[in-house]
Amino acid sequence: MLPLSNHHFAVTLRRLALAIVLFPLSSLTVAQTAVPAADLKGLTDPPGLKRYAGAVLVYRDDAAYDEIKFPSGKVNDVDDAYPHLAASGKRSSVQYTLPASRSALAVIRNYQSQAKADGFQTVFECLGENCGTGPGGGQVKFSIVKAMLPVRYVNQVGENTAAVCGAYYVSPIRYTLLENKSTGVVIAVAAATPEIFSTYCSDAYKNQLSVWVTRIEPQAREQQMVAISASEMAKSIDANGKVALYGIFFDTGKADIKAESKTSLDQIGELMKSRPDLKLHVVGHTDNVGAMEANMSLSKRRAESVVAALAASYGVNRARLTGNGVASLAPVQTNSTESGRAKNRRVELVLQ
């Protein structure tokens, strides 16, 4: 074996370190994940999404109701504030692999052309550093691509799948955001060529192009949480010192109480009337989507909105209620799924 130069040795160490961090190996000998020649078993295109000719589907995830803050400007870190277009409703996210002979530019332009024919307009597009990926590219888990995908993507693709093998890149990424103002549908498309850091993955992926597409169609959230009665609230407070409420609703990122919250507010008002000595903390909780500082402020403002509504409409003495917010610091379920995040978004009444 020929000795490695200092440069090659450094590169080898870098890739090995990244492979260990990103994809821990259970043994030194692992089977490579080959580039699929056909759609993975059980995967089909979602309704309303078209694919580029020759694309092979390697990932799909759907949600009946979700929100994505689609990047509309440079994204350096998904945990920081970045320019975005927030869209909520029925979501579909997919990932394809294509021969590298199909350029990222060709893919993006084809999606834009088809979208324009369907009544969409391009809100934003970028290439390389203008997308926030930095010189030489970067990992999907820290890039503009992660921002356009569901929160659970990184966990879903695992460590030995065609999706994850195409998810780490060095080529300048291309991205476009498309919106149909008449229907409210939003589509984001990104494309890049991967460099493989994991020994799970065949080097053939370096000759492939990965394409990610997320589509959101406006749709009312299905109200599955049932307002609980004043007596049930009292029982929970007596037994546990608190009660979690899922019948108080807010628009995404806002603290104004929605009209459909009246049933729950009525019951809280009845509880406070029946227990005149009861003093409560009203505590707002969010999921972990978005920056912690912003969610902390939002959760407190939502709690204070509940206090204000109870005082104004139900005659509850403000001295009996204190509004607080804890953002995502007290989850009751995982934030990696939409159902878990829905359980974490709540208002709690906590005994003082």
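The values are calculated or read from the model by the stated rules, or taken from the named source; none is laboratory data. Predicted, not measured: the structure shown is a model, and the values here were computed from it. Positions of Cβ are backbone-derived with ideal geometry, glycine not excepted, and every protein chain shown enters the neighbour counts.
Here are a few things to note about the model shown:
- Taken as a whole, segment 114-122 holds at least one residue that is at negative phi, surrounded by 15 or more Cβ atoms within 10 Å (Cβ to Cβ) and modelled with pLDDT of 90 or more.
- Failed criterion for VAL186 (all others in (1) outside the structural domain of PRO276 (by TED's automatic domain parsing); (2) farther than 26 Å from LEU298 by Cβ hold): (2)
- Residue match in segment 81-101 (condition: among the basic types (Lys, Arg), touching a His at 6+ places or on another chain (Cβ under 6 Å), under 28 Å from GLY340 (Cβ atoms) and in contact (Cβ under 8 Å) with a residue 12 or more places away in the chain): no
- Failed criterion for ALA106 (all others in (1) closer than 24 Å to TYR168 by Cβ; (2) of a type outside the set (Ser, Thr, Tyr); (3) touching a Pro at 6+ places or on another chain (Cβ under 8 Å) hold): (3)
- Filter pass, LYS206 being outside the structural domain of ALA327 (by TED's automatic domain parsing), among the basic types (Lys, Arg), surrounded by 13 or more Cβ atoms within 10 Å (Cβ to Cβ) and assigned to a helix (DSSP H, G or I): yes
- Only a single criterion out of (1) among the hydroxyl-bearing types (Ser, Thr, Tyr); (2) at pLDDT 95 or above; (3) exposed (fewer than 15 other Cβ atoms within 10 Å of the Cβ) is not satisfied by SER339, namely (2).
- Sole exception among (1) touching a helix residue (DSSP H, G or I) at 6+ places or on another chain (Cβ under 7 Å); (2) of a type in the set (Ser, Thr, Tyr); (3) over 23 Å from ALA234 (Cα atoms) for SER274, by number: (3)
- Qualifying residue in segment 249-258 (condition: within 30 Å of ILE173 (Cβ to Cβ) and surrounded by fewer than 19 Cβ atoms within 10 Å (Cβ to Cβ)): yes
- Considered as a group, the residues in segment 47-73 that are part of a loop (DSSP other than H, G, I, E, B) and modelled with pLDDT under 90 include one that is surrounded by the most Cβ atoms within 10 Å (Cβ to Cβ), and that residue is LEU49.
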